Amino acid sequence: MKKMAAADVVIFGGGIAGLWLLNRLRKTGLSVILFESGFLGGGQTHKAQGIIHGGTKYALQGVLTSEAKAINAMPQIWRECLAGIGEVDLSGVPVLSTQHCLWAPNKFTSKLAGFLASAALTSKVAPLSKENYPTVFRHPDFKGEVFSVDEIVVDVPGMVRELVKPNQDAVFKIEPLSEQELKFDEQGELQSATVYFSGQAVEVTAQQFIFTAGAGNEMIINKLKTTEIAMQRRPLHMVMVKTPFSLPLYAHCLGIGTRPRITLTTHFMQDGSTVWYLGGQLAEEGVGRDQESQIRAARKELSQLFPWLNFQQAEFASFMIDRAEPQQKGGVKPDTVYVKKIGNISIAWPTKMVLAPKLADEIVLEMQQAHVVSQLLDIRELRAWPMPPLARPIWEDAFCKSVA
């Protein structure tokens, strides 16, 4: 006899989007279970820098773009959650920095003047006095200026841990889901998905199935054979630097384009080492470089931006991030979250970590409009199945195979 399980909602994908949504939907009274075939917070989530930004980095020309507007309300939502009074309790998440910085390597420029003059940004960006500069910028050889940005930085592994903590009874490890194990009725509604683990099979039924699996969403898109949705990939070539000094920094460097020259965050390894994590224009332009060339470019950039620091003994590592997203005309970055509902299936991407609450809002609203009410929870056949392990911090992984 086939083993069966049932819930009101089934989520496939245990990154930031799926875990945030799991928390939100369970609070509405629905029975929800989540399946993950890899690591919780793996994939794109554990490669995030942890910046809860409000769009400032997308407004470096002094104009709030549609992308910046979409993200503008997010920091307040996250702050409430981090304080334990929001829609999800993240009060146990370590906050790495209560503010981000924006620095110009040289003195005040006309571009910076236009940026700061923007009425939309005046409440978000403020000049710092030299005594309040991050330590690295207090060196006499620094000739630029530093501004505070109303953005916090969180510890991503800690955030994943806190999202999982109250839901350990609803999260299960499975083998990669196969499209052959999806059973549809004559109307095209998904009736069930058969999941496997360690030689066991359980057929799971639900009112609604939600795919928040990042690149894994491509499987259900292919299965549905629909032209209504497609997926694109936009790579980044990130760099990490295990520094021979401890100078924490969380900052965007103002460049000549619409994106930061470098976006830099600081993380700490289990052995106490300090790691600088580099994104921004360096990562975008680095997609055409191999690892050796990208590290060489990063060394050159850091020596130009911080000529007073010695990186000779620093260890460098680089890796690609394959950002999976809904396909956009010209392959550009999506401005905001994306949810496509086809029958009782929702295919979703937050497109940025910080937008996970907005994505959850849209799907919760979808559930209400579809009049999904609590009917059934039967997970007896899944109770012996383990929870997926938490993803290891990316900086710990990076320096297991670092390149000098």
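Using only the alpha-carbon atoms of the range 72-231 as identical scatterers, what base-10 log of I(q)/I(0) does the Debye formula give at q = 0.17, 0.21 Å⁻¹?
-1.08, -1.31
Which peptide among 144-151, 47-54 comes first, and what is the full order, when sorted by highest mean count of other Cβ atoms within 10 Å?
Output ranking for 144-151, 47-54: 47-54, 144-151.
Could you sort the peptides 329-338, 4-13 by per-residue average Cβ neighbour count (10 Å cutoff), highest mean leading?
Per-residue mean Cβ counts within 10 Å order the peptides as 4-13, 329-338.
Take each of the peptides 96-104, 345-353, 220-228, 389-397, average the number of other beta-carbon atoms within 10 Å over its residues, and list them starting from the highest.
Ranking, from highest mean packing down: 345-353, 96-104, 389-397, 220-228.
Quick check on my link table: of LYS47/LYS225; LYS47/LYS242; LYS183/LYS225; LYS225/LYS329, which ones sit more than 25 Å apart, alpha carbon to alpha carbon?
LYS47/LYS225
Below 8 Å between Cα atoms, with a sequence gap of 6+, how large is the relative contact order for the chain in percent?
Averaging sequence separation for qualifying contacts and normalising by length gives 26 percent for the chain.
Can you pull the percent of the chain's accessible area that's carbon plus sulfur, 1.4 Å probe, other chains left in place?
Here it works out to 50 percent.
Express the accessible area of the range 212-316 per residue in Å², computed with a 1.4 Å probe while the remaining protein chains stay in the model.
43
Report, in cubic angstrom per residue, the convex hull volume of the C-alpha atoms of the range 196-320.
Spelled out: Cα convex hull of the range 196-320, divided by residues, is 216 Å³.
Indicate, rounded to the nearest 5 percent, the antiparallel portion of the DSSP beta bridges found entirely in the chain.
Once the DSSP bridges in the chain are tallied, antiparallel ones form about 70 percent.
At 222 nm, what helix-only mean residue ellipticity would the chain give, in deg cm²/dmol to the nearest 500, using -39500 (n - 2.57) for each DSSP H run of four or more?
Per the formula, -6500 deg cm²/dmol.
Sticking to Cα atoms, compute the Rg of the range 160-220 to one decimal and its Dmax as the biggest Cα-Cα distance, whole number, in Å.
13.2, 41
In 5 Å bins starting at 0, how do the alpha-carbon pair distances of the range 148-251 split up by percent?
Calculated over all Cα pairs of the range 148-251, the distribution is 2, 7, 12, 15, 15, 13, 11, 9, 6, 5, 3, 1, 0 percent.
Can you tell me how the range 262-303 classifies by the Cα gyration tensor, rounded, prolate or oblate, using a/c under 1.5 as the rounded cut?
Cα axes put the range 262-303 in the prolate bin.
Using the reciprocal of the averaged 1/r over all distinct C-alpha pairs, how large is the Kirkwood radius of the range 278-383 in Å?
Here the Kirkwood hydrodynamic radius works out to 18.2 Å.
With contacts defined as alpha carbon pairs under 8 Å and 6 or more residues apart, what's the relative contact order of the range 301-404 in percent?
31
In whole angstrom, note down how far apart the Cα centers of the range 151-170 and the range 300-357 are.
19
The values are calculated or read from the model by the stated rules, or taken from the named source; none is laboratory data. Keep in mind that this is a model prediction, so the values were computed, not measured. Every residue, glycine among them, receives a Cβ derived from its backbone with ideal geometry; neighbour counts consider all protein chains shown. Protein only, heavy atoms only, side chains kept; ligands, DNA and RNA dropped before computing areas. Shrake-Rupley method; radii C 1.70, N 1.55, O 1.52, S 1.80 Å.
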